[in-house]
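What follows is a single structure, written as structure tokens, with notes after it.
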Amino acid sequence: MSGRVPPSTRAGRRRNGNPADDYDTRAAADLYERFTGHDAVALGKVMVPDIPKSLACIGVCDGILYSTVRDGKLEKYIHRFKASDAPLFCVSPDGTQIVFVGGEYDFTERGIVDRTSKR
């Protein structure tokens, strides 16, 4: 996916968010808007479980497939990690939580970008 995804209509722009929001909320909303081209809307709160103290490392994550709406159009993406940038694919001891550990990548307004692609 790196380098081949066209920018959204809001790529490169920063949002004028609510100054009362905390930094993480503003940063998440800004990234969402730059990637999708849509206004960020609070949908509610979700409980994010704590990462377990122990994980089963299943292997390396070779890639990720995901769907999203960008600029009003459903898009499907496949990102294949370069071997040197791939995170570990781990699961919680009870098998109910997937965790990606490490890796050399960033999620930007253009999607997942391997860091070695930036060098």
Find the residue count for segment 40-78, including only residues that are closer than 18 Å to Phe89 by Cβ, of a type in the set (A, V, I, L, M) and out of contact with any strand residue (DSSP E or B) (no Cβ under 8 Å at 6 or more places or on another chain). 0
Between residues in segment 1-14 that are assigned to a loop (DSSP other than H, G, I, E, B) and surrounded by fewer than 19 Cβ atoms within 10 Å (Cβ to Cβ) and residues that are at pLDDT below 70 and among the polar types (S, T, N, Q), which pairs lie under 9 Å by C-beta distance while being six or more apart or on different chains? none
Would you point out which residue out of Gly111, Gly72 is in contact with a Gly (Cβ under 9 Å, 6 or more places away or on another chain) and closer than 20 Å to Ala28 by Cα? Gly72
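In segment 97-108, what residues are more than 18 Å from Leu31 (Cβ to Cβ) and either among the β-branched types (Val, Ile, Thr) or touching a residue at least 24 places away in the same chain (Cβ under 8 Å) (or both)?
If we filter segment 97-108 for residues that are more than 18 Å from Leu31 (Cβ to Cβ), which is where we start, we get 97-99, 101-102, 104.
Selection gives Gln97, Ile98, Val99, Val101.
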Hey, any hits in segment 36-54 for a residue that's at pLDDT 95 or above and either touching a His at 6+ places or on another chain (Cβ under 6 Å) or in a strand (DSSP E or B) (or both)? no
Provide a single number: the residues in segment 25-40 that are in contact (Cβ under 8 Å) with a residue 40 or more places away in the chain and closer than 10 Å to Ser8 by Cβ. 2
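Please enumerate the residues belonging to segment 79-109 that are surrounded by fewer than 12 Cβ atoms within 10 Å (Cβ to Cβ) and assigned to a strand (DSSP E or B). Talk me through it step by step, then tell me what you get.
From segment 79-109, those surrounded by fewer than 12 Cβ atoms within 10 Å (Cβ to Cβ) are 83-84, 93-96, 107; that's our starting set.
The answer is Phe107, and nothing else.
The values are calculated or read from the model by the stated rules, or taken from the named source; none is laboratory data. Keep in mind that what you see is a predicted model, and the values were worked out from it rather than measured. Heads up, the Cβs are rebuilt from the backbone with ideal geometry, glycines too, and the neighbour counts pull from every protein chain shown.
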